[in-house]
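Here the structure is laid out as structure tokens; the discussion comes afterwards.
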Amino acid sequence: MGIVIRLAVSAVALWVADLLISGIRVTAEDTWGKIGTLILVAVIFGAVNAVIKPVVKMVGCAFYVLTLGLIAIVVNGLLFLLTSAIAGGLDIPFQVENFWPSAVLGALIVGLVSWGLSIVVPDGQ
């Protein structure tokens, strides 16, 4: 049950990023199409973060130390852009136009909204 709640929180966070950032677009035509797209993109984003982010952190550990963790913003933006590329490859109507400001700010908004919602909505663990 916890994974379903985390998936819903991520989908809502992606929806908020779509509303706030003009370079992030969900181009599905109807409401249910947008909801389905957001859920699929949340799954992709979660998989990208679960698989690639730990490897990047381990390989780039020195950069995290040298920049006092600020490189994490760049890494999250790149992972968000990768999520958009994977969604485009799977013909999912989700687009992030460019790295700056769309991907970086979108990843920042998704992270903040997910954090805020996870405080409000317990995941059952």
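The values are calculated or read from the model by the stated rules, or taken from the named source; none is laboratory data. Just so it is clear, the model here is predicted, and its values are computed rather than measured. In this analysis, Cβ positions are derived from the backbone assuming ideal geometry, glycine residues included, and neighbour counts consider all displayed protein chains.
Tell me which residues, restricted to region 41-68, are closer than 20 Å to Ala17 by Cα, of a type outside the set (Val, Ile, Thr) and touching a Phe, Trp or Tyr at 6+ places or on another chain (Cβ under 8 Å).
To start, the set of residues in region 41-68 that are closer than 20 Å to Ala17 by Cα comprises 41-49.
From what is left, the residues that are of a type outside the set (Val, Ile, Thr) are 42, 45-47, 49.
Residue satisfying the conditions is Phe45 alone.
Regarding region 23-33, can at least one residue be identified that is in a helix (DSSP H, G or I) and crowded, with 16+ Cβ neighbours inside 10 Å? Break it down into steps so the answer makes sense when it comes.
First, the residues of region 23-33 that are in a helix (DSSP H, G or I): 31-33.
Those still in the list that are crowded, with 16+ Cβ neighbours inside 10 Å too: none.
No: region 23-33 contains no residue that is in a helix (DSSP H, G or I) and crowded, with 16+ Cβ neighbours inside 10 Å.
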Exercise. Identify, please: which residue in region 94-110 is surrounded by fewer than 17 Cβ atoms within 10 Å (Cβ to Cβ) and in contact (Cβ under 8 Å) with a residue 60 or more places away in the chain and is, among those, nearest to the chain's Cα centre (by Cα)?
Worked result: Gln95
Exercise. Which is more than 15 Å from the chain's Cα centre (by Cα) and either modelled with pLDDT under 95 or assigned to a helix (DSSP H, G or I) (or both), of Asp123, Asp18, Asp91?
Worked result: Asp123
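Matching residues to (1) out of contact with any Leu (no Cβ under 8 Å at 6 or more places or on another chain); (2) farther than 23 Å from Arg25 by Cβ; (3) surrounded by fewer than 16 Cβ atoms within 10 Å (Cβ to Cβ):
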position	(1), (2), (3)
Ile35	yes, no, yes
Leu38	no, no, no
Ala42	no, no, no
Phe45	no, no, no
Lys53	no, yes, yes
Cys61	yes, yes, yes
Val65	yes, yes, yes
Leu68	yes, yes, yes
Ala72	yes, yes, no
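Can you tell which of Trp15, Trp115 is crowded, with 17+ Cβ neighbours inside 10 Å, among the aromatic types (Phe, Trp, Tyr) and free of Cβ contacts under 8 Å to residues at least 60 places away in the same chain?
The conditions single out Trp15.
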For this session: Could you give me the residue pairs with C-beta distances under 6 Å whose first residue belongs to region 68-91 and is over 20 Å from Ala13 (Cβ atoms), whose second residue is surrounded by fewer than 19 Cβ atoms within 10 Å (Cβ to Cβ) wherever it lies, and which are 6+ apart or on separate chains?
Result: Ile71/Phe63; Ile71/Tyr64
